[in-house]
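In what follows, a single structure is set out as C-alpha coordinates and then discussed.
The values are calculated or read from the model by the stated rules, or taken from the named source; none is laboratory data. Bear in mind that the values here come from a model prediction, so they are computed numbers and not experimental data. The protein model used for the area step is the full one, side chains on, heavy atoms only, and it has no ligands, DNA or RNA in it. Shrake-Rupley method; radii C 1.70, N 1.55, O 1.52, S 1.80 Å.
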Amino acid sequence: MEQVSFKNNKKTLYLVSTPIGNLEDITYRAINTLNSVSIVFAEDTRTSSILFKHYNINTKMISYHEHEKYDKIDLVLNYLKNGEDVALISDAGTPGISDPGFELVLKVIEQGFNVVSIPGATASITALTSSGLLMQPHLFVGFLPRKTNEIKFELNKYINLKATLIIYESPFRVKNTLKLLHEVYGNRRVVLARELTKLFETITRTTLLESLDLEINTKGEYVILVEGYIEEEIKLSIEELYEKYDNEGYKEKVIFEKIAKDLNISKKDVYQKIKIDNK
Ligand code: SAM
(Lines give C-alpha, C1' and ligand atoms only; values in the text may rest on other atoms or scores of the structure.)
Protein backbone atom coordinates (compact mmCIF):
# COMPACT_ATOMS: atom_id res chain seq x y z
CA MET A 1 0.00 0.00 0.00
CA GLU A 2 1.20 3.50 -0.79
CA GLN A 3 -0.11 6.59 0.98
CA VAL A 4 1.26 9.95 -0.11
CA SER A 5 0.87 13.18 1.79
CA PHE A 6 1.88 16.30 -0.09
CA LYS A 7 3.43 17.85 3.00
CA ASN A 8 6.55 15.87 2.03
CA ASN A 9 9.64 17.49 0.54
CA LYS A 10 9.51 15.59 -2.71
CA LYS A 11 9.23 17.38 -6.01
CA THR A 12 5.98 17.30 -7.95
CA LEU A 13 4.66 16.66 -11.42
CA TYR A 14 1.53 18.80 -11.81
CA LEU A 15 -1.06 17.71 -14.40
CA VAL A 16 -2.65 21.01 -15.30
CA SER A 17 -5.99 21.13 -17.12
CA THR A 18 -6.26 23.86 -19.74
CA PRO A 19 -9.32 25.13 -21.73
CA ILE A 20 -11.03 23.04 -24.45
CA GLY A 21 -11.77 26.14 -26.53
CA ASN A 22 -12.79 29.14 -24.50
CA LEU A 23 -9.62 30.62 -23.00
CA GLU A 24 -11.48 31.74 -19.88
CA ASP A 25 -12.05 28.13 -18.80
CA ILE A 26 -8.95 27.84 -16.64
CA THR A 27 -8.59 28.06 -12.88
CA TYR A 28 -6.54 30.56 -10.85
CA ARG A 29 -4.68 27.61 -9.40
CA ALA A 30 -3.79 26.34 -12.87
CA ILE A 31 -2.31 29.71 -13.86
CA ASN A 32 -0.45 30.03 -10.55
CA THR A 33 0.98 26.53 -10.99
CA LEU A 34 2.10 27.19 -14.57
CA ASN A 35 3.83 30.35 -13.32
CA SER A 36 5.51 28.70 -10.35
CA VAL A 37 6.99 25.49 -11.82
CA SER A 38 10.50 25.45 -13.34
CA ILE A 39 9.39 23.95 -16.62
CA VAL A 40 6.17 23.13 -18.49
CA PHE A 41 6.03 20.08 -20.75
CA ALA A 42 3.42 20.78 -23.41
CA GLU A 43 1.93 18.48 -26.06
CA ASP A 44 2.48 21.22 -28.64
CA THR A 45 4.38 24.31 -27.51
CA ARG A 46 3.04 26.41 -30.40
CA THR A 47 -0.60 25.69 -29.47
CA SER A 48 0.05 26.37 -25.78
CA SER A 49 1.90 29.60 -26.50
CA ILE A 50 -1.51 31.19 -27.28
CA LEU A 51 -2.65 30.40 -23.73
CA PHE A 52 0.66 31.52 -22.25
CA LYS A 53 0.48 34.82 -24.11
CA HIS A 54 -3.12 35.42 -23.05
CA TYR A 55 -2.25 34.96 -19.35
CA ASN A 56 1.23 36.42 -19.55
CA ILE A 57 2.88 33.18 -18.41
CA ASN A 58 6.61 33.22 -19.11
CA THR A 59 7.67 29.76 -17.89
CA LYS A 60 9.83 27.85 -20.35
CA MET A 61 8.06 25.14 -22.35
CA ILE A 62 9.43 21.89 -23.76
CA SER A 63 7.38 19.70 -26.10
CA TYR A 64 5.92 16.44 -24.86
CA HIS A 65 4.31 15.10 -28.01
CA GLU A 66 2.63 11.69 -28.37
CA HIS A 67 5.36 10.33 -30.67
CA GLU A 68 8.22 11.31 -28.33
CA LYS A 69 6.53 10.61 -25.00
CA TYR A 70 8.86 7.71 -24.08
CA ASP A 71 12.01 9.70 -24.94
CA LYS A 72 10.98 12.65 -22.79
CA ILE A 73 10.19 10.70 -19.61
CA ASP A 74 13.85 10.70 -18.51
CA LEU A 75 14.09 14.43 -19.10
CA VAL A 76 11.07 15.05 -16.84
CA LEU A 77 12.58 12.75 -14.19
CA ASN A 78 15.89 14.65 -14.38
CA TYR A 79 14.13 17.92 -13.55
CA LEU A 80 12.40 16.28 -10.56
CA LYS A 81 15.66 14.69 -9.39
CA ASN A 82 17.38 18.09 -9.62
CA GLY A 83 14.83 19.53 -7.22
CA GLU A 84 12.51 21.26 -9.71
CA ASP A 85 8.71 21.06 -9.91
CA VAL A 86 7.34 20.32 -13.37
CA ALA A 87 3.93 20.73 -15.08
CA LEU A 88 2.40 18.78 -17.94
CA ILE A 89 -0.27 20.27 -20.19
CA SER A 90 -1.92 19.05 -23.37
CA ASP A 91 -3.31 21.04 -26.31
CA ALA A 92 -6.71 21.11 -24.63
CA GLY A 93 -8.43 19.80 -21.53
CA THR A 94 -7.00 17.36 -19.05
CA PRO A 95 -3.57 15.84 -19.78
CA GLY A 96 -3.61 12.06 -20.10
CA ILE A 97 -7.27 11.97 -21.16
CA SER A 98 -6.98 10.78 -24.79
CA ASP A 99 -3.70 12.72 -24.70
CA PRO A 100 -0.11 11.92 -23.68
CA GLY A 101 0.54 11.66 -19.95
CA PHE A 102 -0.34 8.19 -18.68
CA GLU A 103 3.10 6.61 -19.13
CA LEU A 104 4.75 9.62 -17.51
CA VAL A 105 2.44 9.49 -14.49
CA LEU A 106 3.29 5.80 -14.00
CA LYS A 107 7.05 6.47 -14.12
CA VAL A 108 6.90 9.49 -11.83
CA ILE A 109 4.90 7.53 -9.22
CA GLU A 110 7.31 4.61 -9.58
CA GLN A 111 10.28 6.92 -8.90
CA GLY A 112 8.66 8.19 -5.71
CA PHE A 113 7.82 11.77 -6.73
CA ASN A 114 4.45 13.47 -6.20
CA VAL A 115 1.79 13.58 -8.91
CA VAL A 116 -0.84 16.28 -8.39
CA SER A 117 -3.78 17.05 -10.67
CA ILE A 118 -4.95 20.62 -11.06
CA PRO A 119 -8.57 19.99 -12.17
CA GLY A 120 -10.32 21.84 -14.95
CA ALA A 121 -11.97 21.40 -18.33
CA THR A 122 -12.39 18.09 -20.10
CA ALA A 123 -14.60 17.59 -23.17
CA SER A 124 -16.19 14.34 -21.93
CA ILE A 125 -17.77 15.74 -18.78
CA THR A 126 -18.64 19.06 -20.43
CA ALA A 127 -20.54 17.11 -23.12
CA LEU A 128 -22.17 14.70 -20.68
CA THR A 129 -23.58 17.31 -18.34
CA SER A 130 -25.42 19.18 -21.10
CA SER A 131 -26.48 16.07 -23.08
CA GLY A 132 -29.68 15.24 -21.24
CA LEU A 133 -28.55 11.61 -21.11
CA LEU A 134 -28.09 9.75 -17.85
CA MET A 135 -25.06 11.22 -16.06
CA GLN A 136 -24.45 8.25 -13.76
CA PRO A 137 -23.32 5.73 -14.58
CA HIS A 138 -21.31 6.71 -17.64
CA LEU A 139 -18.41 5.11 -19.46
CA PHE A 140 -15.66 7.17 -21.05
CA VAL A 141 -14.68 5.19 -24.15
CA GLY A 142 -12.40 7.85 -25.69
CA PHE A 143 -11.37 7.30 -29.32
CA LEU A 144 -12.59 4.10 -30.98
CA PRO A 145 -10.22 1.95 -33.06
CA ARG A 146 -10.01 2.70 -36.80
CA LYS A 147 -11.03 -0.57 -38.49
CA THR A 148 -14.72 -1.46 -38.83
CA ASN A 149 -14.39 -4.94 -37.30
CA GLU A 150 -12.39 -3.55 -34.36
CA ILE A 151 -14.92 -0.76 -33.80
CA LYS A 152 -17.78 -3.27 -33.78
CA PHE A 153 -15.87 -5.56 -31.42
CA GLU A 154 -15.31 -2.63 -29.04
CA LEU A 155 -18.95 -1.48 -29.21
CA ASN A 156 -20.22 -5.00 -28.63
CA LYS A 157 -18.35 -5.10 -25.32
CA TYR A 158 -20.71 -2.44 -23.98
CA ILE A 159 -23.95 -3.61 -25.60
CA ASN A 160 -25.69 -4.55 -22.35
CA LEU A 161 -24.18 -1.80 -20.24
CA LYS A 162 -26.74 0.49 -18.62
CA ALA A 163 -24.41 3.48 -18.81
CA THR A 164 -24.09 6.49 -21.13
CA LEU A 165 -21.17 5.95 -23.50
CA ILE A 166 -18.88 8.91 -24.20
CA ILE A 167 -16.88 8.70 -27.42
CA TYR A 168 -14.33 11.13 -28.87
CA GLU A 169 -14.39 11.26 -32.66
CA SER A 170 -12.74 13.04 -35.55
CA PRO A 171 -15.26 15.11 -37.56
CA PHE A 172 -14.40 13.08 -40.68
CA ARG A 173 -15.39 9.81 -39.03
CA VAL A 174 -18.56 10.91 -37.20
CA LYS A 175 -20.88 9.86 -40.07
CA ASN A 176 -19.46 6.34 -40.29
CA THR A 177 -19.32 5.94 -36.51
CA LEU A 178 -23.03 6.83 -36.23
CA LYS A 179 -23.78 4.17 -38.85
CA LEU A 180 -21.83 1.53 -36.90
CA LEU A 181 -23.37 2.62 -33.60
CA HIS A 182 -26.80 2.12 -35.17
CA GLU A 183 -25.84 -1.26 -36.57
CA VAL A 184 -24.66 -2.48 -33.17
CA TYR A 185 -27.03 -0.74 -30.73
CA GLY A 186 -30.17 -0.21 -32.80
CA ASN A 187 -32.24 2.88 -32.20
CA ARG A 188 -30.97 4.50 -29.01
CA ARG A 189 -30.82 8.18 -28.17
CA VAL A 190 -27.61 9.87 -29.25
CA VAL A 191 -26.19 13.34 -28.62
CA LEU A 192 -23.55 15.09 -30.71
CA ALA A 193 -21.67 17.80 -28.81
CA ARG A 194 -19.75 19.94 -31.27
CA GLU A 195 -17.30 22.79 -30.61
CA LEU A 196 -17.96 22.87 -26.85
CA THR A 197 -17.27 26.22 -25.13
CA LYS A 198 -16.57 27.82 -28.53
CA LEU A 199 -18.47 30.30 -30.70
CA PHE A 200 -20.22 27.61 -32.78
CA GLU A 201 -21.05 25.23 -29.93
CA THR A 202 -23.88 22.97 -31.11
CA ILE A 203 -25.64 20.19 -29.21
CA THR A 204 -27.73 17.82 -31.36
CA ARG A 205 -30.07 15.53 -29.41
CA THR A 206 -31.56 12.83 -31.62
CA THR A 207 -31.81 9.06 -32.11
CA LEU A 208 -29.31 6.79 -33.86
CA LEU A 209 -31.87 6.11 -36.59
CA GLU A 210 -32.47 9.79 -37.28
CA SER A 211 -28.78 10.60 -36.97
CA LEU A 212 -28.13 8.62 -40.16
CA ASP A 213 -29.71 11.47 -42.14
CA LEU A 214 -27.76 14.26 -40.40
CA GLU A 215 -25.47 16.55 -42.36
CA ILE A 216 -22.20 16.42 -40.43
CA ASN A 217 -20.21 19.63 -40.43
CA THR A 218 -16.62 18.44 -40.77
CA LYS A 219 -15.29 21.64 -39.24
CA GLY A 220 -14.95 21.35 -35.50
CA GLU A 221 -14.53 18.81 -32.75
CA TYR A 222 -17.12 16.26 -31.67
CA VAL A 223 -18.06 14.20 -28.67
CA ILE A 224 -20.64 11.47 -29.35
CA LEU A 225 -22.76 10.33 -26.40
CA VAL A 226 -24.93 7.24 -26.69
CA GLU A 227 -27.68 6.22 -24.32
CA GLY A 228 -26.91 3.03 -22.43
CA TYR A 229 -28.92 -0.17 -22.70
CA ILE A 230 -32.47 0.19 -21.42
CA GLU A 231 -34.76 -2.84 -21.37
CA GLU A 232 -37.78 -0.64 -22.01
CA GLU A 233 -36.20 0.94 -25.09
CA ILE A 234 -36.83 -2.01 -27.40
CA LYS A 235 -40.56 -1.92 -26.76
CA LEU A 236 -40.78 1.83 -27.27
CA SER A 237 -38.58 1.86 -30.33
CA ILE A 238 -40.49 -0.94 -32.00
CA GLU A 239 -43.74 0.93 -31.54
CA GLU A 240 -42.27 4.19 -32.78
CA LEU A 241 -40.71 2.51 -35.78
CA TYR A 242 -43.89 0.59 -36.56
CA GLU A 243 -45.84 3.84 -36.65
CA LYS A 244 -43.17 5.55 -38.78
CA TYR A 245 -43.00 2.79 -41.42
CA ASP A 246 -46.78 2.35 -41.36
CA ASN A 247 -47.19 6.07 -42.11
CA GLU A 248 -44.66 5.72 -44.90
CA GLY A 249 -46.97 3.09 -46.48
CA TYR A 250 -44.90 -0.10 -46.08
CA LYS A 251 -46.65 -3.47 -45.94
CA GLU A 252 -46.69 -5.15 -42.53
CA LYS A 253 -44.29 -7.93 -43.55
CA VAL A 254 -41.76 -5.35 -44.78
CA ILE A 255 -42.23 -3.27 -41.63
CA PHE A 256 -41.29 -6.26 -39.45
CA GLU A 257 -38.21 -6.90 -41.58
CA LYS A 258 -37.14 -3.26 -41.44
CA ILE A 259 -37.60 -2.96 -37.67
CA ALA A 260 -35.70 -6.20 -37.06
CA LYS A 261 -32.82 -4.84 -39.15
CA ASP A 262 -32.91 -1.37 -37.55
CA LEU A 263 -32.85 -2.73 -34.01
CA ASN A 264 -30.68 -5.76 -34.66
CA ILE A 265 -33.33 -8.12 -33.26
CA SER A 266 -35.31 -11.01 -34.74
CA LYS A 267 -38.56 -10.59 -36.71
CA LYS A 268 -40.13 -12.91 -34.14
CA ASP A 269 -39.34 -10.36 -31.37
CA VAL A 270 -40.88 -7.57 -33.41
CA TYR A 271 -43.99 -9.68 -34.05
CA GLN A 272 -44.21 -10.55 -30.35
CA LYS A 273 -44.12 -6.87 -29.27
CA ILE A 274 -46.55 -5.57 -31.89
CA LYS A 275 -49.03 -8.41 -32.17
CA ILE A 276 -49.00 -10.01 -28.73
CA ASP A 277 -47.60 -7.68 -26.02
CA ASN A 278 -49.53 -4.65 -27.23
CA LYS A 279 -52.92 -6.37 -27.51
N1 SAM B 1 -7.56 16.00 -23.23
C2 SAM B 1 -8.80 16.36 -23.86
C3 SAM B 1 -9.93 16.33 -22.82
O4 SAM B 1 -9.63 16.39 -21.63
O5 SAM B 1 -11.09 16.29 -23.21
C6 SAM B 1 -9.11 15.50 -25.07
C7 SAM B 1 -8.08 15.57 -26.15
S8 SAM B 1 -8.41 14.54 -27.53
C9 SAM B 1 -6.88 14.55 -28.37
C10 SAM B 1 -9.35 15.58 -28.58
C11 SAM B 1 -10.80 15.13 -28.71
O12 SAM B 1 -11.54 15.61 -27.60
C13 SAM B 1 -11.50 15.71 -29.94
O14 SAM B 1 -11.30 14.89 -31.08
C15 SAM B 1 -12.95 15.70 -29.51
O16 SAM B 1 -13.52 14.41 -29.63
C17 SAM B 1 -12.82 16.06 -28.02
N18 SAM B 1 -12.87 17.52 -27.83
C19 SAM B 1 -11.88 18.31 -27.38
N20 SAM B 1 -12.30 19.59 -27.31
C21 SAM B 1 -13.58 19.61 -27.74
C22 SAM B 1 -14.57 20.63 -27.90
N23 SAM B 1 -14.30 21.91 -27.63
N24 SAM B 1 -15.79 20.26 -28.37
C25 SAM B 1 -16.08 18.97 -28.64
N26 SAM B 1 -15.19 17.98 -28.51
C27 SAM B 1 -13.96 18.28 -28.06
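Keeping every protein chain in place, order Lys69, Lys261, Lys81 by accessible area at 1.4 Å, biggest value first, i.e. largest first. Please list the in-between numbers first.
Working: Lys69 20, Lys261 170, Lys81 120 Å².
Sorted by accessible area, descending: Lys261, Lys81, Lys69.
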Ser63 accessible area, assembled protein chains, probe 1.4 Å, Å²: 40 Å²
Residue-by-residue Karplus 3J(HN,Hα) for segment 36-42, coefficients 6.51, -1.76, 1.60, Hz, glycine and proline x: 8, 6, 6, 8, 10, 8, 10
Per residue accessible area of segment 232-277, 1.4 Å probe, in Å²: 66 Å²
Degrees separating the helix 231-247 axis from the principal Cα axis of the chain, which is the longest one: 50 degrees
Rounded percent of accessible protein surface that carbon and sulfur make up, the chain, 1.4 Å probe: 51 percent
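Give the percent of DSSP beta bridges with both residues in the chain that are antiparallel, rounded to the nearest 5.
Values: 17 of 37 bridges.
Approximately 45 percent, going by the DSSP bridge assignments.
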Long-range HN-HN contacts of Thr207 with modeled amide H, under 5 Å: Val190
Rounded to 10°, Cα long-axis angle of helix 148-157 versus longest principal axis of the chain: 90 degrees
Most to least accessible of Phe153, Phe6 (protein chains only, probe 1.4 Å): Phe153, Phe6
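When ligands, DNA and RNA are left out and all protein chains stay put, how many square angstrom of accessible area per residue does segment 124-228 have with a 1.4 Å probe? Before the final figure, lay out the partial values.
Numbers: 5340 Å² over 105 residues.
Heavy-atom accessible area per residue stands at 51 Å².
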With DNA, RNA and ligands ignored, accessible area of Ile73 (1.4 Å probe; Å², nearest 10): 10 Å²
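What order do Val116, Val86 take when sorted by accessible area (1.4 Å probe), most exposed first?
Details: Val116 20, Val86 0 Å².
Of Val116, Val86, the descending order of accessible area is Val116, Val86.
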Theoretical ellipticity at 222 nm over the chain - DSSP helices of four or more residues, -39500 (n - 2.57) apiece, nearest 500: -11500 deg cm²/dmol
Residues whose placed amide H lies under 5 Å from that of Ser63, excluding near-sequence neighbours: Ala42
With DNA, RNA and ligands ignored, accessible area of Phe200 (1.4 Å probe; Å², nearest 10): 130 Å²
Table column - 3J(HN,Hα) (Hz), segment 206-219, Karplus curve with 6.51, -1.76, 1.60, x for Gly and Pro: 8, 10, 4, 5, 5, 5, 5, 9, 6, 7, 9, 6, 7, 9
Angle between the chain longest axis and helix 252-263 axis [Cα atoms, degrees, rounded to 10]: 10 degrees
Whichever lysines have a C-alpha closer than 19 Å to that of Lys11, once near sequence neighbours (fewer than 8 apart) are set aside: Lys60, Lys72, Lys81, Lys107
